[in-house]
Every structure is written in C-alpha cells, then in structure tokens.
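The values are calculated or read from the model by the stated rules, or taken from the named source; none is laboratory data. Because the structure is a prediction, the values reported are computed rather than measured. Neighbour counts are summed over all protein chains in view; Cβ atoms, including those assigned to glycine, are modelled from backbone coordinates with ideal geometry.
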Amino acid sequence: MNIHEYQAKELLAKAGIAVPAGYPALSVAEAVEAAKKLPGPLYVVKAQIHAGGRGKGKFKELGPDAKGGVRLAKSLEEVEAHAREMLGNTLVTVQTGEAGKQVNRLYITDGVDIAREYYLSLLVDRASGRVAFVVSTEGGMDIEAVAHETPEKITTFTIDPAQGFMPHHGRAVAYALKLKGDLNKQAQSLARQLYEAFIANDCSMLEINPLVETADGKLTVLDAKMSFDSNALYRHPEIEALRDETEEDPAEIEASKYDLAYIKLDGNIGCMVNGAGLAMATMDIIKLNGAFPANFLDVGGGATTEKVTAAFKIILKDPAVEGILVNIFGGIMKCDVIANGIVQAAKEVNLQVPLVVRLEGTNVEQGKAILANSGLAIVPADNLGDAAQKIVAEVRKKAA
C-alpha cells in the first residue's frame, strides 16, 4: 500500500525526523488557508499523487509549456493560481505513463533555503532477506539518470533485521554522503531514525529524495515516499486508514475484496490462474506465442465458486480483453469448483470473447465434464502450451 507525501511526512515527524511545515489541501480555498498558516514568504505547492517525477511532470490540460506538479510561490495569490491550475487536472510523469493521474489534493509547504541535495532510501532486499540502504550524494529530480549513467555514485549496503541498526551503519550513511562535522552526526542520527521508522511501520520502501542540507546547516527531509507490506496492515489500522482508493485501479480494489491478487497489464489476453509461479509462466507463454497478457490474476489455492466468479467478472470488466485463458493446476484447489465458477460467471456476464480452459489435478474429470456440458463455447486444452496456442489463435480468428 502506498500513501501520499504529506502522510509520509506526518509519520516521519512523529518519529522525530525534521520535515518542513506543511498542510494538505483538497480545494483552492484550503490551499490558500494552508499557506496563511506558514511563515512565508516562499511557499511550495505540490501535487499529491502516488507517483514520482512530479516536478518534471506535465499537465495534460495545460499544454507543454505549463509548469509541473511541484511549484514555488512567492505570494498567496501565486499559491491560489497554482492550486487552481493543478486541482482536477491530469499530471503525467515518467511513472504514471501516458494516462497520467488526476490531482485531487495538494500539499502546501514552507519554502526551504537549499544548500545541497542528497538521496537516501530504505527497501526490503528480497534476495538477502535484509533491509537495504541506498545512498547517494546526487539527490533530486535526476536520480534515475544517476542510477543509469553513473551508478558508482550510489552506495548500497544491507542490515540484518535480526541484528538491527548498529552505529557503523550510521557512519556508513554519513560517509557515503561525504558529510563531516555536525552534518556527519546528523546523518548518523537520521539514518537510525529512518531505520526504526521503517521497521516499526512494516514498510517495504521508504524514499527520501531529496534529503537536503539547508543554508543554516541542518539536514531536512524535503520529499518522502512510503509504501507498506499489505500483509502487515492488520497490525497498523492507523496506517491502513491513510489508504487513498482514488489512486488505485478500481479493478484491483474490487479484487482485494475477494482476496484475489490482481494487477492490470497492457495486453489483450485475460489470465486466471492459481499460484503466482504458474501465473508468471502463463503470461510468459502467452507472450512467446505472439500475444500479451491483459492482467496477472492469482485466485489462490482455496478459491470458492464465488471467488472464481468474481475473478472472471473482474477480467471481463477490462475493455482491452479479447480472450481469456484459464490455467488451473488443482492441488488444494479442486477443478470442479473452478469449472462451476467459470460457467456461472460466463452465463452471468453473457460471455462474448473466446475462452480457453486448461484444467489438471484434483477432480479434473468432473471439472472437464462440467465445462463440456455447460452449453458454452469453451475451448478445452490439454496442457499449457496447447492452451496458449489455442487462445492466441481464437483471438486472431475473431479479429480477422
């Protein structure tokens, strides 16, 4: 789960980490009132969407010469003008894709006199099972270019969560940032605070970009991004309450209600599979046969007929779907349950696209019989390769 910048900063401030004063706003009037609470005379108006690259982003409705999603304002009138341009318009960044995201809220913060910008993030390193620190002296909007063009300017090290944060980890961060004196001590302290906040909140990622050195020699978090392990949210109802569903795909929200793992993709072949590994293999073999998957959808190992029906309906809500491949290996999952769900869903939605089904495992013969006797135009497949070839051929035949 992701949260907005202003929410991340509120969590960091509670952990004792220095952030500029700021207030969220849902309207132009609220944006002006937020600015009035700040000392000024420099304000920053920030679009709040779940994507990076806001500063270099462009608003679809405002033309190529308009400013991006992070703007400086030197008066309340400028705050109002920026807020009026941003709210309700679509911001396109390198992370949103061409569709962009509509800006529904803003964050008005106090301006900061910046002497230097740095980059600092923590994330779960799944390869080692540790927490990774990623540190660079080259913070700011071009950090992606730094990673590609001068990777030697980025330092990465990991911390064993069983051992926890040790003093030498703080020194490693300060050394990577090339800080000395009091700034060195500040960096060590900040690194510990960030690590403790990361662990305490069950984060999967915590990114500070930029971390800035102010003109008066203080390290301050100027921008922050946080995401959380969804499996641990039951331990953090206060964090779960920060969820902004307007930033999420409606189909993914619907899928979460049925405990389905669903991610929309850009292809035209809908996939329903049980097991993440099998789902990945299914998507790969669809692409191998010259088509592209429209989604990742894992119904899990113990799906009911209701759950399978919901999964089928979610796939079909995507207008890009021109065919569906169901690939089930029944272990805990029973093939007859899957078959009943497919038949029920197909009848409810009046299925109009080709459907290929490959079943194997527990109660497979019963499942195949249910499909064969359904009266629906379901194409059976003997194995995964056969299934992929058949769904691609069916979609092409219909399009011809």
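Given Ala251, Ala279, which one is touching a Leu at 6+ places or on another chain (Cβ under 8 Å), under 17 Å from Ile324 (Cβ atoms) and part of a helix (DSSP H, G or I)?
Details: Ala251 fails: touching a Leu at 6+ places or on another chain (Cβ under 8 Å).
The conditions single out Ala279.
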Is at least one residue of region 162-173 basic (Lys, Arg), without any contact (Cβ under 8 Å) to a residue 12 or more places away in the chain and over 18 Å from Ala197 (Cα atoms)? no
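In this structure, does Ser136 turn out to be over 20 Å from the mean Cα position of the chain (by Cα), at negative phi and crowded, with 18+ Cβ neighbours inside 10 Å? Let's see the steps before the verdict.
Working: over 20 Å from the mean Cα position of the chain (by Cα): yes; at negative phi: yes; crowded, with 18+ Cβ neighbours inside 10 Å: yes.
Spelling it out, Ser136 is indeed over 20 Å from the mean Cα position of the chain (by Cα), at negative phi and crowded, with 18+ Cβ neighbours inside 10 Å.
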State the number of residues belonging to region 336-359 that are over 21 Å from Ala399 (Cα atoms) and surrounded by 18 or more Cβ atoms within 10 Å (Cβ to Cβ). 11
Please determine whether any residue of region 147-160 is farther than 27 Å from Ala232 by Cα and buried (at least 18 other Cβ atoms within 10 Å of the Cβ). no
Could you please let me know if Ala115 is more than 19 Å from the chain's Cα centre (by Cα) and assigned to a strand (DSSP E or B)? yes
When you look at Pro41, is it under 18 Å from Val221 (Cβ atoms) and surrounded by fewer than 21 Cβ atoms within 10 Å (Cβ to Cβ), yes or no? no
Restricting attention to region 212-238, the residues that are buried (at least 16 other Cβ atoms within 10 Å of the Cβ), charged (D, E, K, R) and more than 20 Å from the chain's Cα centre (by Cα) number exactly 1
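Considering only region 63-105, state which residues are among the hydrophobic types (A, V, I, L, M, F, W, C) and either farther than 19 Å from Ser27 by Cβ or not in a helix (DSSP H, G or I) (or both). Lay out the reasoning, then the answer.
Kept after step one, since they are among the hydrophobic types (A, V, I, L, M, F, W, C), are these residues of region 63-105: 66, 70, 72-73, 76, 79, 81, 83, 86-87, 91-92, 94, 99, 103.
Within region 63-105, Ala66, Val70, Leu72, Ala73, Leu87, Leu91, Val92, Val94, Ala99, Val103 qualify.
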Selected residue (criterion: farthest from Asp110 (Cα to Cα)) from residues of region 1-54 that are assigned to a helix (DSSP H, G or I) and basic (Lys, Arg): Lys14
Given the criteria assigned to a helix (DSSP H, G or I), in contact (Cβ under 8 Å) with a residue 40 or more places away in the chain and of a type in the set (Val, Ile, Thr), does Ile324 qualify? no
Candidates Met283, Met272 - the one that is in contact with a Pro (Cβ under 7 Å, 6 or more places away or on another chain), within 29 Å of Ala311 (Cβ to Cβ) and surrounded by 19 or more Cβ atoms within 10 Å (Cβ to Cβ): Met283
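Residue by residue, here is whether (1) of a type in the set (Ser, Thr, Tyr); (2) modelled with pLDDT of 90 or more holds:
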site: Lys218; (1), (2): no, yes
site: Ala251; (1), (2): no, no
site: Thr282; (1), (2): yes, yes
site: Lys287; (1), (2): no, yes
site: Leu297; (1), (2): no, yes
Just one listed residue, out of Val19, Val28, is in contact with a helix residue (DSSP H, G or I) (Cβ under 9 Å, 6 or more places away or on another chain) and without any contact (Cβ under 8 Å) to a residue 60 or more places away in the chain, and it is Val28
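Only one residue in Gln366, Gln389 is assigned to a helix (DSSP H, G or I), without any contact (Cβ under 8 Å) to a residue 40 or more places away in the chain and not basic (Lys, Arg). Which one? Show your work before the answer.
Details: Gln389 fails: without any contact (Cβ under 8 Å) to a residue 40 or more places away in the chain.
Checking each option against the conditions leaves just Gln366.
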Here is a check on your reading of the model: is Ala99 under 30 Å from Lys264 (Cβ atoms), free of Cβ contacts under 8 Å to residues at least 24 places away in the same chain and not acidic (Asp, Glu)? yes
Taking the criterion of being assigned by TED's automatic domain parsing to the domain that holds Gly275, surrounded by 18 or more Cβ atoms within 10 Å (Cβ to Cβ), touching an Asp or Glu at 6+ places or on another chain (Cβ under 7 Å) and not aliphatic (A, V, I, L, M), would at least one residue in region 360-375 satisfy it? yes
What is the residue count in region 141-176 for residues that are within 16 Å of Ala191 (Cα to Cα), part of a helix (DSSP H, G or I) and among the hydrophobic types (A, V, I, L, M, F, W, C)? 4
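So that you can scan it fast, the table gives a plain yes or no per residue for (1) in contact with a helix residue (DSSP H, G or I) (Cβ under 6 Å, 6 or more places away or on another chain); (2) among the charged types (D, E, K, R):
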{"residue": "Tyr6", "(1), (2)": "no, no"}
{"residue": "Tyr23", "(1), (2)": "yes, no"}
{"residue": "Lys37", "(1), (2)": "no, yes"}
{"residue": "Val45", "(1), (2)": "yes, no"}
{"residue": "Glu77", "(1), (2)": "no, yes"}
